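The next block holds one structure in the form of structure tokens; read it before the comments.
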Amino acid sequence: MFSLCCATAQAQSRSGSAATGDDSKEAVSLDTVRVSSSRIDRPGFDAPTPTTQITAEELAVVSHPNIAAALNELPQFRATTSAQTTGTNTSAGQAPLDLRGLGINRTLVLLDGRRFASDNDLNAIPQILVKSVDVVTGGASAAWGSGAVGGVVNIAMDGDFTGTKFETHFGRSTYSDANERAYGAAFGTDVADGRGHFVAGAEYVNNDGVIPKDSRSTVGGWASFSNGDGTYTMMPDVGFSRAAYGGLIISGTLAGKAFNPDGSLRDFDYGVVRGTAMAGGEAPSVDDYSPLVTPQTRYNVFGRLSYDLGEDVKLTAELRHSRVYDDYVYVGDDNTTGGITIRADNAFLPGAVREAMEAAGETSFTMGRMNTDFALSRMDFERKATQATLALDGVFGNNWRWSAYYSHGETENNLNVSRRLLTTNYANAIDAVIDPATGQAVCRVALAGAGSDCVPINLFGDGAPSEAAAAYVTGTARSR
């Protein structure tokens, strides 16, 4: 944050000195800034709206993994759910911007003054070819509509770059996780005896993410607990009080007993219980699996060919493609925290449990279970964006500029969530009984003639479900 803010403040100070006419100091020449709210080119800080320009050098100094992360250090931006934050939603592969906290749908992102197809996703732009970023925080909606109420961010590409350059980057957090590897390359050259110019750039980034269970066991699982007197206490290690890995009996004579991996019982270690939540003890929590930083792989390529049709007219053809891929544990609703009814004639029920139920005159009990041993979903998410643009730019008269362009873009989202519980199959598989004809465990519905493909499932102990049963009760959800 200090690097970006400090650089902007220095530029304003120099501009003010030059305007006073102090001949003892050398005047500072400032680049022309395209004021994205009005579409008018203005020199330096003569813009009629609040405008901040961040150069490529300043972006390089802060050394963030993407442009959005660098811009989020400026005070006019509010940090959002970005490409690397949280992993329980389908936008985890994006790097959006949020000016003034009005929402990402109210911040317009432009590429060289033109709209681009990628839903405000800055991961679709190769940072190696970025020349500057202009941020306008006022007056933009008049020209661009309600999508620019928060402001406009215009990303200027270095269309005149000549030569070849390569970049490589490796980073990791102070906790020795979130390893990231990034590679970039750019090339530019004149063509047609200098009348045309071609530039191309590409980037590849791979981030391992952060899974609390692997490297930050003390992160996550915090919640406020009522003390009963109107005050609250923040408690660590908060999880479910009505479920356990392998199963927890929560009703009847055996309430409070949990199943060991071999099917035997143990006393469940209760911590501080508040309703369905519990702090400490054996409290199971999905925070152990939900990524704190989403693992991600992405690449993007960009190419531009510009050609001078005449002294005052330039033709530009541009092609851009990006792909973001995320693969991580998706914590949905596949854990049954207190909703499983087990009957006394269940085919897999351990003998000691059945005997205790018979002695108490009970015919069923309720169980809660964390199904991470067979229904721990994984999200496989891919976002692809491709855009082609053809533009004409020119000048006429004294300081008049015109521009026209046609652009076609397509964004494709592919989502696969594996090992999702199929609720009907799951309910049928739980209700397992002994087939009197074969002495084998079968689903009760199979005895009635329906659901003959049903595979009974053993839920008594972590790891107890067979692969066949797991395949029957889970499936893959797809979205295109």
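The values are calculated or read from the model by the stated rules, or taken from the named source; none is laboratory data. What you see is a predicted model; the values in this text were computed from it and never measured. Cβ: placed from backbone, ideal geometry, glycine included. Neighbour counts: every protein chain shown.
Odds and ends about this structure:
Conditions (1) closer than 29 Å to Leu248 by Cβ; (2) more than 34 Å from the chain's Cα centre (by Cα); (3) in the same structural domain as Asn123 (by TED's automatic domain parsing); (4) not hydroxyl-bearing (Ser, Thr, Tyr), marked per residue:
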residue	(1), (2), (3), (4)
Asn413	no, no, yes, yes
Ile430	yes, yes, no, yes
Ile434	yes, yes, no, yes
Gly439	no, yes, no, yes
Val445	yes, yes, no, yes
Ala448	no, yes, no, yes
Ser452	no, yes, no, no
Ala464	yes, no, no, yes
Thr474	yes, no, no, no
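- Number of the condition not met by Gly221 [criteria: (1) part of a strand (DSSP E or B); (2) in contact (Cβ under 8 Å) with a residue 60 or more places away in the chain; (3) in contact with a helix residue (DSSP H, G or I) (Cβ under 7 Å, 6 or more places away or on another chain)]: (1)
- When region 341-394 is limited to residues that are among the hydroxyl-bearing types (Ser, Thr, Tyr) and surrounded by 15 or more Cβ atoms within 10 Å (Cβ to Cβ), the one that is nearest to Gly239 (Cα to Cα) turns out to be Thr372.
- Pairs linking a residue in region 167-185 that is under 24 Å from Gly201 (Cα atoms) and in contact (Cβ under 8 Å) with a residue 12 or more places away in the chain to a residue that is part of a loop (DSSP other than H, G, I, E, B) and of a type in the set (Ser, Thr, Tyr), with Cβ atoms under 8 Å and 6 or more positions apart or on different chains, are His169/Ser63; Gly171/Ser63.
- In region 441-461, the residues that are over 27 Å from Gly368 (Cβ atoms) form Cβ pairs under 6 Å with partners that are surrounded by 17 or more Cβ atoms within 10 Å (Cβ to Cβ) and of a type outside the set (Phe, Trp, Tyr), at six or more places apart or across chains, as follows: Ser452/Ala446.
- Gly252 of a type outside the set (Ser, Thr, Tyr), in the same structural domain as Phe365 (by TED's automatic domain parsing), farther than 20 Å from Glu362 by Cβ and surrounded by 13 or more Cβ atoms within 10 Å (Cβ to Cβ): no
- Residue within region 450-458 that is closer than 30 Å to Phe381 by Cβ and in contact with a helix residue (DSSP H, G or I) (Cβ under 6 Å, 6 or more places away or on another chain) present: yes
- Boolean, Arg274 is within 29 Å of Arg378 (Cα to Cα), touching a residue at least 24 places away in the same chain (Cβ under 8 Å), among the charged types (D, E, K, R) and in contact with a strand residue (DSSP E or B) (Cβ under 8 Å, 6 or more places away or on another chain): no
- Residue list for region 446-457, filter: buried (at least 17 other Cβ atoms within 10 Å of the Cβ) and not in a loop (DSSP other than H, G, I, E, B): Ala446
- Residue ranges of strands (runs of 3 or more DSSP E) in region 297-385 with at least 2 members among the acidic types (Asp, Glu) and under 30 Å from the mean Cα position of the chain (by Cα): 313-329
- Boolean, Tyr245 is hydroxyl-bearing (Ser, Thr, Tyr) and crowded, with 18+ Cβ neighbours inside 10 Å: yes
- Only listed residue being closer than 23 Å to Ala244 by Cβ and either in contact with a Lys or Arg (Cβ under 6 Å, 6 or more places away or on another chain) or touching a residue at least 60 places away in the same chain (Cβ under 8 Å) (or both), chosen from Arg480, Arg420: Arg420
- Some residue of region 285-294 being farther than 28 Å from Arg378 by Cβ and either buried (at least 17 other Cβ atoms within 10 Å of the Cβ) or over 33 Å from the mean Cα position of the chain (by Cα) (or both): no
- Filtering Thr372, Thr363 for residues that are of a type in the set (S, T, N, Q) and without any contact (Cβ under 8 Å) to a residue 40 or more places away in the chain leaves a single hit, Thr363.
- Given (1) more than 37 Å from the chain's Cα centre (by Cα); (2) farther than 30 Å from Phe116 by Cβ, index of the condition Trp400 fails: (2)
- Output for region 400-444, where each listed residue is crowded, with 18+ Cβ neighbours inside 10 Å and not in a strand (DSSP E or B): Asn425, Tyr426, Asn428, Ala429, Ile430, Asp431, Arg444
- Condition met for Ser241 (within 20 Å of Phe365 (Cβ to Cβ), touching a residue at least 60 places away in the same chain (Cβ under 8 Å) and over 27 Å from the mean Cα position of the chain (by Cα)): no
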